[in-house]
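This report concerns only the one structure given below.
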Amino acid sequence: MAHITFIHGIGNKPSIDELQRVWERALADADGVDLGAEGITAEMVYWADVMYESPSVAAGSHESADTAMELGEPEVDVDLAEAALAADEEAWLAGLRGKLNFDADGDDEYAPPMEDIGAEFERIPLPWAIKRRLMKVFLRDVHHYLFNTDSTPRPGETYPCQDEIRRRFVEAVQRGAEQDGPHIVIAHSMGTVISYDCLKRVPECPAVDAYMTIGSPLGLDEIQDKLQPGWTRDDGFPHDKVRGDWVNIYDHLDPVAGLDPAIANDYRKGGVNMVRDVQQTNPGAWRHDAGKYLGGPQFRGHLARILEIESV
Amino acid sequence: MSEPDAAALVAELETAAKTFDTTSATSICDRLIAGMYRQPAPIDVKLAKQALGLLRSMRAFADMRRLGDACLATGQDGAQIVRQYAQALIESGALVAAEKVLLDLASREPLGSAEGDEARGLLGRTYKQMYLDAGNPRASGAKEALQKSVAAYLEVYENDPSKTWHGQNAAEMLLRAERDGLAIEGPDPRVIARTILDRITKAHEAGEADIWDLGTARQVAMVLGEGDVAREWLKRRMEAEPDAFVLASGIRQLEEVWGITEDDLAWGDMLAVMKSHMMEAGGGQSIQVDHLPPEPEAFEQRSGGLEKTFGSAGAVTVKWWTLAQERLRAIARIEDHVGTAIGTAFLVKASDLNPEWGDDAVAVTNAHVVSHPPAMRGTIEPDDAVANFTMLEGLDPIEVTELLFQSGPLDLDVAVLRLASVPEGVTPVPLAKALPRADGEQRLYVMGHPLGGELKISIDDNVLIDHDDVKVHYRAPTEPGSSGSPVFNRNWQLIALHHAGNDRMERLHGEKGTYQANEGIAFKAITEACARPPGVG
């Protein structure tokens with residue numbers, strides 16, 4: 001039967017077992033796809049410990065229910081504003097900050113005047129403090145990965161982020177390739193950047209049968225720029241490593257994916273659009289939640305189609 | 001036994017409780033009890049209380065009784081221990097013994113103290129059970145038991161109106177007395193219900209309501225006849241993920257005190273939701289199913305209201321439970337011509353087994369239930385067998401006309417039977433594409449007629465242990481006589497044909513040793529064999 005390799009997104013996470021349980025449950029809940037009952041094996045590529053000292057206590061953290069977004073004190077300093085960065089990194093960050101339409105490094109409590117808020121953001125019913133904090137986490141995690149920054153999550157333990165996370169992903173995909181049946185990668189948020197990077201740019205990463213991205217920031221130019229060499233707009237589809245579909249599910253009001261949600265035109269194969277961009281409306285204010293993506297009808301419909309199963 | 005030893009055993013029990021591993025729980029209890037008798041001092045009260053609580057959460061009342069007995073016998077007779085012991089007595093039907101133990105406890109613990117109030121509440125529960133067990137309001141002692149039940153509950157509630165559970169029970173029993181035409185002394189149950197509902201609503205708004213409060217609020221809303229309010233409270237309670245014991249209490253209250261069945265148009269949907277959650281939670285019993293919605297459309301229509309209240313989560317459980325009921329309709333009791341029950345059979349689409357057999361449904365059972373020549377003593381010939389679909393009212397047992405395929409008890413233990421007719425409107429059970437993951441966390445569901453009795457769904461400790469290509473081992477202590485039952489995954493797809501259970505089942509994959517397990521034949525192995533024949537043999 002099939003095998004699924006999951007990879008999580010930005011921010012700290014609960015322990016690997018708990019996180020995988022949360023994801024599988026989100027998939028199975030409400031008459032969804034019950035991997036265990038269907039005999040489908042799965043593995044979570046876990047990288048939160050590369051950037052964070054210890055697993056978060058609140059289940060799901062940045063991916064959990066709306067209530068978990070009532071953020072208290074930051075668990076770690078995720079502020080890149082005062083970090084000493086090289087000139088190219090500063091330039092890159094400035095570009096990405098510009099996309100966010102507000103100053104992500106500002107005072108957490110500051111809300112911009114209404115006339116400064118673009119129509120895009122006006123529609124997002126999230127408190128500014130939450131949005132800004134999320135974007136800080138996003139900027140930091142994506143920066144550390146793409147620039148292979150050293151991270152010391154615990155005393156005496158230092159990782160070059162990209163090298164370490166790439167190694168974990170590629171090894172998990174190698175294990176998945178040894179299983180029977182189709183092998184699918186399901187990636188969320190920052191996990192889509194990591195999985196794409198490996199599938200497109202790491203030669204030893206084995207091929208998979210299908211690729212599903214949810215809540216992905218892969219549409220952003222700044223991220224695409226850092227996926228070169230390898231990525232080009234006309235030949236960005238990792239056709240050597242994705243034998244079947246690449247389905248990209250987004251919610252317009254997801255603050256991460258919503259910046260540039262449809263990606264088919266950015267990841268073509270020989271100049272032809274190949275990625276299936278699918279819009280899904282996640283419930284509630286916090287639309288970036290992995291659980292909400294996994295629980296949505298469009299995502300589940302495509303997963304069931306790829307797995308050739310019927311759920312309850 | 002030193003305290004660390006006892007603590008280690010209780011920790012083991014906690015692990016067993018998480019997976020409803022009642023077999024291990026019994027063995028842990030044995031060791032705990034043996035250790036208690038070896039020590040000069042009684043077991044620590046906290047450990048004893050924790051162990052009894054764990055057994056209660058698994059509904060392992062026989063073990064709970066044994067452990068309670070040992071605690072009391074070795075001098076650990078704290079009020080909490082006595083109360084839990086009494087609870088085990090009630091749950092296992094020893095009502096007179098429970099009454100004596102609780103009367104003694106109530107004389108020790110004053111009204112208004114935590115344990116005194118609990119003891120009186122359990123006394124109310126004991127008398128309530130005596131009344132319900134009588135099954136006849138005019139039976140000798142029945143009215144007296146009902147009056148005592150109301151009095152015990154009311155004594156606590158009137159002394160302390162924050163004891164809403166006691167008040168709710170008093171209100172429900174007073175309402176029951178009205179329905180049964182018995183004149184019982186007491187206040188208007190609706191006044192009690194309104195007071196309690198207001199109180200819990202306030203507590204809930206202040207974030208102070210616990211899981212029992214949610215159940216109490218649902219039940220008093222029912223006393224007031226406020227269906228939408230009751231469903232809202234049920235939703236809140238299900239969201240709090242109650243354990244099997246909590247769910248069973250609610251189900252029992254609906255079935256026994258209210259006399260509700262799933263086809264009850266006013267309240268049956270709530271029972272369906274609770275039963276489906278119970279099956280998810282697992283926990284120590286089979287659910288007997290003897291009521292189906294009269295028409296699927298009627299159920300659909302009725303569950304519409306529930307879906308409105310429950311949103312997608314509620315719709316799921318109703319849908320899931322509806323699917324379970326659809327499977328039940330495809331299950332028959334195999335009987336001989338004089339009605340002796342032999343085993344269970346179920347319908348599958350013939351073409352799922354062999355394309356040449358056509359699109360009609362055929363019945364599948366064990367070869368040790370039906371085969372030619374009879375595989376063993378007690379097996380009957382196809383000519384002597386009929387299929388009795390007990391869930392389908394007004395349908396006579398259907399003759400077996402042909403043995404399409406069989407494989408002996410030591411091989412696949414299967415017989416495929418063509419019936420003289422196929423009941424209308426019954427969906428054959430669908431086959432799973434693959435066996436569930438053998439990761440110790442997958443639940444299975446076995447449906448059948450244990451010992452030829454009523455159709456039951458086994459939800460007891462039903463965890464998949466291991467499988468290979470032919471055999472599936474699961475820890476679902478199906479009652480004896482479940483031969484020929486279908487084994488389903490959580491999506492109600494067929495994965496195996498149940499055929500045996502053994503305390504010393506040999507492990508799979510050539511591993512040494514044995515364990516307590518049931519064994520089914522992987523249905524994929526059966527479909528492959530059926531596609532291969534020619535003919536029987």
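The values are calculated or read from the model by the stated rules, or taken from the named source; none is laboratory data. Predicted, not measured: the structure shown is a model, and the values here were computed from it. Glycine also receives a Cβ, built like all others from the backbone with ideal geometry; neighbour counts cover every protein chain displayed. Side chains are part of the model used for accessible areas, which takes the heavy atoms of the whole protein and leaves out ligands, DNA and RNA. Shrake-Rupley method; radii C 1.70, N 1.55, O 1.52, S 1.80 Å.
Quick one: how many residues across segment B:363-378 are in contact (Cβ under 8 Å) with a residue 24 or more places away in the chain, touching a strand residue (DSSP E or B) at 6+ places or on another chain (Cβ under 9 Å) and part of a loop (DSSP other than H, G, I, E, B)?
Here is the first cut: in segment B:363-378, the ones in contact (Cβ under 8 Å) with a residue 24 or more places away in the chain are B:363-372, B:375-376, B:378.
Next cut, touching a strand residue (DSSP E or B) at 6+ places or on another chain (Cβ under 9 Å) only: B:363-372, B:375, B:378.
With part of a loop (DSSP other than H, G, I, E, B) added as a condition, the list becomes B:366-369, B:371-372, B:375, B:378.
The total comes to 8.
Look at B:T195 and say whether it is β-branched (V, I, T) and within 22 Å of B:L132 (Cβ to Cβ). Taking the combined requirement at face value, the residue does not satisfy it.
Rundown of residues vs (1) open to solvent by 50 Å² or more (accessible area, probe 1.4 Å); (2) outside any helix (DSSP H, G or I), yes/no style:
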{"position": "B:A170", "(1), (2)": "no, no"}
{"position": "B:L175", "(1), (2)": "no, no"}
{"position": "B:G181", "(1), (2)": "yes, yes"}
{"position": "B:D198", "(1), (2)": "yes, no"}
{"position": "B:K202", "(1), (2)": "yes, no"}
{"position": "B:E232", "(1), (2)": "yes, no"}
{"position": "B:R237", "(1), (2)": "no, no"}
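Name the single residue, out of those in segment B:317-360 being assigned to a strand (DSSP E or B) and open to solvent by 10 Å² or more (accessible area, probe 1.4 Å), that is modelled with the highest pLDDT. Spell out how you get there, then give the answer.
First, the residues of segment B:317-360 that are assigned to a strand (DSSP E or B): B:331-335, B:341-349.
Within this subset, residues satisfying the condition of being open to solvent by 10 Å² or more (accessible area, probe 1.4 Å) are B:333, B:335, B:341-342, B:349.
Working: B:R333: 94, B:E335: 93, B:A341: 88, B:I342: 89, B:K349: 97.
That would be B:K349.
Restricting attention to segment A:270-292 and to residues that are open to solvent by 40 Å² or more (accessible area, probe 1.4 Å) and more than 14 Å from chain B (Cβ to nearest Cβ), the residue that is farthest from A:D235 (Cα to Cα) turns out to be A:Q279. Any residue at all in segment B:85-97 that is among the aliphatic types (A, V, I, L, M) and open to solvent by 30 Å² or more (accessible area, probe 1.4 Å)? Yes: segment B:85-97 contains one or more residues that are among the aliphatic types (A, V, I, L, M) and open to solvent by 30 Å² or more (accessible area, probe 1.4 Å).
Quick check on my filter: what residues within segment A:1-43 are under 18 Å from A:Q179 (Cα atoms) and in contact (Cβ under 8 Å) with a residue 40 or more places away in the chain?
Matches in segment A:1-43: A:M1, A:A2, A:H3, A:I4, A:T5, A:F6, A:I7, A:E38, A:I40, A:T41, A:E43.
Right, B:I251: of a type in the set (V, I, T) and part of a helix (DSSP H, G or I) or not? Yes, satisfied.
What are the pairs with Cβ atoms under 6 angstrom where one residue, in segment B:335-347, is of a type in the set (S, T, Y) and the other, located anywhere, is assigned to a loop (DSSP other than H, G, I, E, B) and at pLDDT below 90? Sequence gap at least six, or different chains. Between residues of segment B:335-347 that are of a type in the set (S, T, Y) and residues that are assigned to a loop (DSSP other than H, G, I, E, B) and at pLDDT below 90, the close pairs are B:T344/B:H449.
Any chance segment B:108-126 includes a residue that's without any contact (Cβ under 8 Å) to a residue 24 or more places away in the chain and among the aliphatic types (A, V, I, L, M)? Taking every residue of segment B:108-126 in turn, at least one turns out to be without any contact (Cβ under 8 Å) to a residue 24 or more places away in the chain and among the aliphatic types (A, V, I, L, M). Number of residues in segment A:145-179 that are part of a helix (DSSP H, G or I) and open to solvent by less than 30 Å² (accessible area, probe 1.4 Å): the value is 11. When you look at B:E256, is it of a type in the set (D, E), touching a residue at least 60 places away in the same chain (Cβ under 8 Å) and open to solvent by 10 Å² or more (accessible area, probe 1.4 Å), yes or no? Yes: the conditions hold for B:E256. Restricting attention to segment B:439-450, the residues being surrounded by fewer than 24 Cβ atoms within 10 Å (Cβ to Cβ) and more than 9 Å from chain A (Cβ to nearest Cβ) number 3.
Filter segment A:293-312 for residues that are without any contact (Cβ under 8 Å) to a residue 24 or more places away in the chain and either part of a helix (DSSP H, G or I) or more than 10 Å from chain B (Cβ to nearest Cβ) (or both); which is least open to solvent (accessible area, probe 1.4 Å)? It comes out as A:G301.
Looking at segment B:394-417, can you tell me whether even one residue there is within 14 Å of chain A (Cβ to nearest Cβ), outside any loop (DSSP other than H, G, I, E, B) and in contact (Cβ under 8 Å) with a residue 40 or more places away in the chain? No: zero hits. Within segment B:453-473, the residues that satisfy the criterion of being open to solvent by less than 20 Å² (accessible area, probe 1.4 Å) and more than 18 Å from the chain's Cα centre (by Cα) are B:V472, B:H473. Residues in segment A:31-53 that are at the interface with chain B (Cβ under 9 Å from one of its Cβ atoms) and more than 28 Å from B:K524 (Cβ to Cβ): 0 in all.
Within segment B:418-438, how many residues turn out to be of a type in the set (S, T, N, Q) and either within 14 Å of chain A (Cβ to nearest Cβ) or open to solvent by less than 50 Å² (accessible area, probe 1.4 Å) (or both)? Count: 1. Checked against the criterion of being open to solvent by less than 50 Å² (accessible area, probe 1.4 Å) and of a type outside the set (D, E), the candidates B:S149, B:S162 yield just one match: B:S149. The residue that is modelled with the highest pLDDT, counting only those in segment B:479-503 that are closer than 26 Å to B:V318 by Cβ and open to solvent by 10 Å² or more (accessible area, probe 1.4 Å), is B:Q493.
Does segment B:55-76 contain any residue that is hydroxyl-bearing (S, T, Y), assigned to a helix (DSSP H, G or I) and under 19 Å from the mean Cα position of the chain (by Cα)?
Taking segment B:55-76 and keeping what is hydroxyl-bearing (S, T, Y), we get B:57, B:74.
Subsequent filtering for residues that are assigned to a helix (DSSP H, G or I) retains B:57.
Keeping just the survivors that are under 19 Å from the mean Cα position of the chain (by Cα) gives B:57.
Yes, some residue in segment B:55-76 is hydroxyl-bearing (S, T, Y), assigned to a helix (DSSP H, G or I) and under 19 Å from the mean Cα position of the chain (by Cα).
In segment B:206-230, the residue that is most open to solvent (accessible area, probe 1.4 Å) out of those that are charged (D, E, K, R) and more than 12 Å from B:Q168 (Cα to Cα) is B:E208. I want to confirm something. Restricting to segment A:253-269 and keeping residues that are open to solvent by less than 40 Å² (accessible area, probe 1.4 Å) and charged (D, E, K, R), which single residue is nearest to the other protein chains (Cβ to nearest Cβ)? Restricting to residues being open to solvent by less than 40 Å² (accessible area, probe 1.4 Å) and charged (D, E, K, R), the top hit is A:D254. Of the listed requirements (1) touching a helix residue (DSSP H, G or I) at 6+ places or on another chain (Cβ under 6 Å); (2) surrounded by fewer than 22 Cβ atoms within 10 Å (Cβ to Cβ); (3) closer than 24 Å to A:K99 by Cα, A:I194 misses just one: (2). Taking every residue in segment B:59-88 that is more than 14 Å from B:D104 (Cβ to Cβ) and pairing it with any residue that is open to solvent by 30 Å² or more (accessible area, probe 1.4 Å) and basic (K, R), at least 6 positions away or on another chain, the pairs with Cβ-Cβ distances below 9 Å are B:M64/B:R56; B:Q80/B:K49; B:Q84/B:K49; B:Q84/B:R56; B:Q87/B:R56; B:A88/B:R56; B:A88/B:R65; B:A88/B:R66.
In this structure, is B:G314 part of a helix (DSSP H, G or I), farther than 30 Å from B:R377 by Cβ and modelled with pLDDT under 85? Write out each step before concluding.
Numbers: part of a helix (DSSP H, G or I): yes; farther than 30 Å from B:R377 by Cβ: yes; modelled with pLDDT under 85: yes.
Against the criterion (part of a helix (DSSP H, G or I), farther than 30 Å from B:R377 by Cβ and modelled with pLDDT under 85), B:G314 qualifies.
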